[in-house]
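Reading through the structure tokens given below for one structure.
The values are calculated or read from the model by the stated rules, or taken from the named source; none is laboratory data. Remember, predicted model here, so these are calculated numbers, not experimental data. Cβ: placed from backbone, ideal geometry, glycine included. Neighbour counts: every protein chain shown. For accessibility, only protein heavy atoms count, side chains too; no ligands or nucleic acids. Shrake-Rupley method; radii C 1.70, N 1.55, O 1.52, S 1.80 Å.
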Amino acid sequence: MIQEEINRLKKAKNAVILAHYYQHADVQDIADFVGDSLELSKIAASVDAKIILFCGVDFMAQTAKILAPSKKVLLAVSTATCPMANMITTEQLRAYKMDHPDRKVVCYVNSTAGVKALSDVCVTSSNAEKIILRLKDEKLLYVPDQNLGNYLKDKYIIDMECWPGYCCIHHQLTVEQVMEARRMHKDALVLIHPEAPLAVLKQADFVGSTSQIIEFASTTSAKTYIIGTEKGILHPLQKKNPQKNFVLLTPSLSCFDMKLTRIEDVLSALQKEDTEIFVPEDIAVLARKSLQTMMEWS
Ligand code: SF4
């Protein structure tokens with residue numbers, strides 16, 4: 001059985017598997033740790049293993065490599081990338097900084113290593129509010145997600161420009177979809193990820209990162225929840241709360257790149273070790289500073 005072979009190789013090679021909540025259910029089930037970007041970054045930095053096999057997209061494996069430079073980091077599928085992270089290049093950010101030397105750069109963890117290296121601090125959707133509040137008296141640029149940026153700007157009075165990037169999965173959510181879902185499920189609570197547009201977030205009962213959505217749904221007494229984030233989250237939600245109902249806000253909440261990784265790819269990456277991630281040292285040093293500042297502040 002494929003799971004047995006993966007477990008055998010993991011042990012033989014002293015490897016750990018980290019998987020994001022947006023991965024397929026069988027990939028999550030074979031992983032040693034499943035989490036959101038912040039949780040997985042912390043584990044990558046501290047885990048005792050020779051090999052980290054990341055099941056997610058490229059920026060996550062890069063982050064693991066930056067935080068654990070002595071470990072071999074593999075990405076299960078080397079072409080899995082995040083379209084939002086690619087919506088800002090290092091050249092564009094460098095040019096912006098030249099024109100706006102007074103603005104500090106706050107960078108969503110969904111970004112390339114080069115963009116992190118040019119930023120003052122990273123954030124994830126779990127800790128963005130806490131970190132932005134520490135910087136509330138500064139002039140800021142937030143990259144690359146306009147929606148999380150606009151959500152923060154709406155909530156707090158801050159002088160922050162937002163890069164016009166977006167997650168193609170969450171950006172397409174609409175107010176009409178929320179209203180329709182509420183009509184269909186009268187007593188349900190609506191939980192939405194902050195990568196959705198502000199007008200949609202204003203319709204939600206709770207706005208939070210994937211781990212915060214899981215925590216909220218697991219500790220609230222409602223029976224039914226409408227979920228406004230990638231469908232992979234339904235697996236941990238249902239596992240933790242078998243007596244509750246979870247309804248995806250729309251079936252299109254499926255990330256093409258997150259879903260590229262199949263269990264066969266996990267086995268192949270462990271067998272061949274041919275999908276290693278490298279980050280040039282000069283970039284890694286600077287990117288590590290932005291990530292470590294995030295860890296200290298969160
Ligand atoms: S769900 Fe959105 S932010 Fe996450 S990897 Fe896919 S495109 Fe990127």
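Values for this structure:
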quantity	calculated
Test: residue in segment 1-19 that is under 25 Å from Leu237 (Cα atoms), assigned to a loop (DSSP other than H, G, I, E, B) and either touching a residue at least 60 places away in the same chain (Cβ under 8 Å) or in contact with a Gly (Cβ under 7 Å, 6 or more places away or on another chain) (or both)	no
Verdict on Leu270 being within 22 Å of the chain's Cα centre (by Cα), at pLDDT 95 or above and not assigned by TED's automatic domain parsing to the domain that holds Ala196	no
Unmet requirement for Val143, which otherwise passes all of (1) within 14 Å of the ligand (Cβ to nearest atom); (2) open to solvent by 20 Å² or more (accessible area, probe 1.4 Å); (3) touching a Phe, Trp or Tyr at 6+ places or on another chain (Cβ under 6 Å)	(2)
Unmet requirement for Lys116, which otherwise passes all of (1) in the same structural domain as Glu273 (by TED's automatic domain parsing); (2) among the charged types (D, E, K, R); (3) not in a loop (DSSP other than H, G, I, E, B)	(1)
Count - residues of segment 174-228 that are surrounded by 15 or more Cβ atoms within 10 Å (Cβ to Cβ), farther than 18 Å from Gln238 by Cα and β-branched (Val, Ile, Thr)	4
Every residue from segment 215-264 that is more than 16 Å from the ligand (Cβ to nearest atom) and closer than 30 Å to Lys10 by Cα	Glu215, Leu237, Gln238, Lys239, Lys240, Asn241, Pro242, Arg262, Ile263, Glu264
Leu237 being open to solvent by less than 50 Å² (accessible area, probe 1.4 Å), more than 21 Å from Val175 (Cα to Cα) and either basic (Lys, Arg) or over 16 Å from the mean Cα position of the chain (by Cα) (or both)	yes
